[in-house]
Each structure stands twice: as structure tokens, then as C-alpha cells.
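The structure appears right after this line, and notes come after that.
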Amino acid sequence: MTKQIGRREFLFFGSATAGTLLLKACTPTATTPDASPTAAAPAAAGGDAVKVGILHSLSGTMAISEKSVVDAEKLAIKEINAAGGVLGKQIEAVVEDGASDWPTFNEKAKKLIEQDKVATVFGCWTSASRKAVLPTFESLNHMLWYPVQYEGQECSKNIFYTGAAPNQQIEPSVEWLLEKYKGQPFFLVGSDYVFPRTANTIIKAQLEAKGGKVVGEDYIPLGGTEVTPIISKIKQALPDGGVIYNSLNGDSNVAFFKQLQGAGMGPDKYPSMSVSIAEEEVKAIGVEYLKGHYAAWNYFQTVDTPESKKFVEAFKKEYGDDRVVNDPMEAAYIMVYLWKQAVEKAGTVDDLEKVRAAAIGQKLMAPEGEVTLEANHHLSKVVRIGQVRDDGLFDIVSDTKTAVKPVPWNQFVAETKGFACDWSDPAKGGKFKIS
């Protein structure tokens, strides 16, 4: 049954010491309707609280994006606590800073699991941080909820992916560009780590299959701001204009778009499609540098659904009218609710095998539309493309209307074509050949 996230009035009582944030609502605890009243007290609970981990970059180059994701997760926790918590217990969030450093992410993940004994972790943004912590979650057989679009080519039993798989963002955006800018060549630019490089491998394979043309590809270090050489390469490769497909992350986008405009390369001749720039980044970079450019996501603040309006209103009420919401924030917000629903169905927080099994098939009427957690641990999601407008929000120029099922193993890449993932069937698991 699909559940809706309603608007609730709530109070916040918290403390923050040594990186730990306690979130509690001033409301009496209540057993949730489908929770088991005889469920054992979870091992991750301290008194009347269930501990969960929040692990994102609060400092470093990725803080520009990840701080707001933390805000969204905290909002969901606060709302859940106000409604009685999970299995009648309040949620206590232990917040750690990955500091935009991948070894630090792994150290903090181990701390959350082994020392804080959290029931689950909500965390990461970059694929580099996710890849850094993945061995820890798998070796300790724990659970990570990951809220950001990514390159696919992964399907872990120990991760639930609530952002887009490539067929829910990258591939449809390339298809849309091929139709809108027929015959225009592509230049691929990205940060130098696993997501952009894998994404561009997919894009090149897709363009080859569809008759598109790539005339250049270049990378800069994550967080790097020396973008003059790459701007020169784009101008040389596209002297008459063309499409820029952008998978830069973090602060690099600030320098890139400012210098792109400074070089006279506006969206009229050099339209860009970004997969890591959303409302929060537009605000930080400056709308004057991004107006007219595109981004591909599953959710924009301008999505016109009752659930989206409630989400925007609740977030602004909590954090200020000047704040904006975006796709990773929405994916982070809803993954807390999906975890709650799974726990309530399982009747336990500490038996992770039961929680994992209960998570599959969960539905939620989310701000982006109805989502379903599939057997491959990814969400079915609506695909949207937006164009930056004067106020820094996005006009939605393309919308699939109905949810697209996730395909983690890419079907354009020869090595993974014909493979799928199904964690509801142990015989299939993370990667099996489709018959």
C-alpha cells in the first residue's frame, strides 16, 4: 500500500556534541499502526531511542552539496519522531563529517557501525565515498542508504540506492539532447573520479549506438578550480558550438560556469546538460551564470504535486524561506521514510536481513511522485529534465510522467549488457545473466 508523507506540526529538542546530534520530538511515543507490539528492543536503541548514522561531507569541496542533504534527513527524522517514532521509539541521529575525504568516510562508517552501533546509515554523495565505505558495509553485513544519482554498474545487498540509475538520468538526458540538438557534437567534461569516468563510458557507448558524435572528453581533479585549459579545449573542439555534457562535482562547477560565460560561451551556442547541479548549486554558483542551461534529475522544486508542495513548505518552515530543495535532498528525505516503513514491516531494527527483505516492494507517495523500492535495491522513479530560469529554479521541459524502472547494470556497455540484479532471489543476487 502506498503511504503518503503528511505535513505535521512538531517541536525540536536537540543537542550537538562531538559531532553527535540528537533529534527528538516533544510528543508521546506511540506504536505505529503496522508495527509489532511484541518486537524486541533493538540493539541499536539506547533507552527509548533508535540510533541511525548520518554520514556526509560537512566540510571540504563537497560540502556545497552535502550539507543540505543532511538538513533533509534531519527533517524526515524530526517528522517521524513527532509522529511517534519507529516501532514506538524515537530516532537518535549520530552525525559524522566525511570531510570530502574518502578514507575519512570509511573511518566514520566503521565508527558508526562498531562504536555507535547504529541501526542503519544514511550517507555519501560521490561514488568515490560510496566505493570507499562499501567494503565496510559488506564485511560487517550492515546497511547504507545512498541518496544520489550515480553511474550504476553496482548492486550491493548492503546498499539501498534512492537516487537515479543511469537509465533514469544519464541515458534519457542524452536521448533528449540528441533529439533537441540534432547533429550537434558533444564534449564530455567531468571531475576525475569513478562517477564521471563511468558515466562518460556509458554516454560514449550510447552516442555510438545512436549515431551521435563525441569530439572531446576531459577531466579535472575533484574540487579543482583551474578550468581555463578545459574551456580552451572545448572551444577548440566546438568552434561552431555544440553540447557540453557536464559531470563536474563540488566547487569545480563554480569556476567552470563563470569562466564558460566569461569566454562568451553561453547556452545559445554551448548548451550544457549537468547531472550534479541542482537548485542548491545554482544558488551557490549564481543564476546569472547558469540561466538557460539544463540539468537532468528525477525531482525539481517546481514539481507540481501535493507532496512536493508539502515538502517545500516544511523545509522552508524549518530552515528559512530563502532555502531551496533539490533532487538529492528529496531522495535523502524519502529514504528515511522508506527505511521506517521497512523496519515497521519487519517488526525489528536490529535484524537487518528482515529489514532488507521488508524493504523490497515498499512504495511511497514521494514529492517526486510514487516510488517503489525494487528487488535490485533501486527505486522506480519519474525522469525529468529542467532548464535554469531567472529565479534559479527549473522549468521542467521533459517529464516521463510515469516511473521508470531502474537498470543498475548498463545495457549499452558490452561488459554488463544482458545482466541484472535481484536480491529477492538468493540464486540471482547482485548480478545474473538475463535468460
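The values are calculated or read from the model by the stated rules, or taken from the named source; none is laboratory data. None of these values were measured; they are calculated from a predicted model. When we count neighbours, we look across all protein chains shown, and the Cβ atoms used for this are built from the backbone with ideal geometry, even at glycine. Each accessible area value is taken on the protein alone, full model and side chains, heavy atoms only, with ligands, DNA and RNA left out. Shrake-Rupley method; radii C 1.70, N 1.55, O 1.52, S 1.80 Å.
When only Cα pairs below 8 angstrom with a gap of at least 6 residues are kept, the chain shows a relative contact order of 18 percent. Modelled spin labels at Lys111 and Lys67, positioned 7 Å past Cα toward Cβ, are 2.0 nm from each other. Out of every Cα-Cα pair in the stretch 240-345, what percent are more than 24 Å apart? Percentage above 24 Å: 35.
In the elastic network of the chain, a GNM with C-alpha springs shorter than 10 Å, the most mobile of Gln184, Gln115, Gln90 is Gln115.
With θ taken as phi - 60° and the Karplus curve 6.51 cos²θ - 1.76 cosθ + 1.60 applied, the whole-hertz 3J(HN,Hα) list for the stretch 305-321 is 10, x, 5, 5, 4, 5, 4, 4, 4, 5, 5, 5, 5, 7, 10, x, 5 Hz, x standing for glycine and proline. In terms of Cα atoms, the Rg and Dmax of the stretch 345-405 work out to 16.1, 49 Å. Backbone geometry of the stretch 409-415 corresponds, through the Karplus equation with coefficients 6.51, -1.76 and 1.60 at θ = phi - 60°, to 3J(HN,Hα) couplings of 8, 5, 8, 8, 8, 4, 5 Hz, x marking Gly and Pro. Between amide H atoms placed 1.01 Å from N, distances below 5 Å from Gly429 occur with Asp422, all of them 5 or more places distant or on a separate chain.
Taking the square roots of 5 times each eigenvalue of the Cα gyration tensor of the stretch 371-423, largest first, gives ellipsoid semi-axes of 29, 15, 9 Å.
Per residue, the convex hull spanned by the alpha carbons of the stretch 168-289 comes to 97 Å³.
Each Lys or Arg adds one and each Asp or Glu subtracts one; over the other residues with Cβ under 10 Å from the Cβ of Ser308, this totals -3. Which translational diffusion coefficient, to the nearest whole µm²/s, is obtained for the chain from the Stokes-Einstein equation, given a Kirkwood hydrodynamic radius over C-alpha pairs, 4 °C and 1.567 mPa s? Stokes-Einstein gives a translational diffusion coefficient of 59 µm²/s. Full extension of the chain between Glu415 and Lys431 gives 4.6 nm of extra length, using 0.36 nm per residue less the Cα-Cα distance. Taken over the C-alpha atoms, the stretch 322-435 has Rg and Dmax values of 16.9, 52 angstrom. Taking Ile220, Ile159, Ile77 in turn, the Gaussian network model of the chain (Cα-Cα springs below 10 Å) assigns the largest fluctuation to Ile220. A straight chain from Asp395 to Lys310 at 0.36 nm per residue would run longer than the Cα-Cα distance by 28.7 nm. Taking only protein heavy atoms and a 1.4 Å probe, the accessible area of the chain is 51% carbon and sulfur.
Sum up the charges of everything whose Cβ sits under 13 Å from the Cβ of Met62, counting Lys and Arg as +1 and Asp and Glu as -1, but leave Met62 out. Neighbourhood net charge equals -4. First check a/c for the stretch 44-100, with a ≥ b ≥ c the square roots of the eigenvalues of its C-alpha gyration tensor; if it is under 1.5, answer rounded, and if not, answer prolate when a/b is larger than b/c or oblate otherwise. In terms of gyration-tensor shape, oblate.
Beta-bridge orientation, the chain: approximately 45 percent antiparallel, per DSSP, counting only bridges with both partners inside.
For Phe160, the residues 5 or more places off, or on other chains, whose built amide H falls under 5 Å of its own are Leu144, Trp145, Tyr146. Net charge around Val382, counting only other residues with Cβ within less than 15 Å of its Cβ (Lys, Arg = +1; Asp, Glu = -1)? Taking every Cβ under 15 Å from that of Val382, the sum is -4. With only Cα atoms counted, the stretch 66-180 has Rg and Dmax values of 16.0, 53 Å. Residues whose amide H comes within less than 5 Å of that of Ala119, counting only those at least five positions distant or on another chain, are Lys51, Val52, Gly53 (H built at 1.01 Å from N in the peptide plane).
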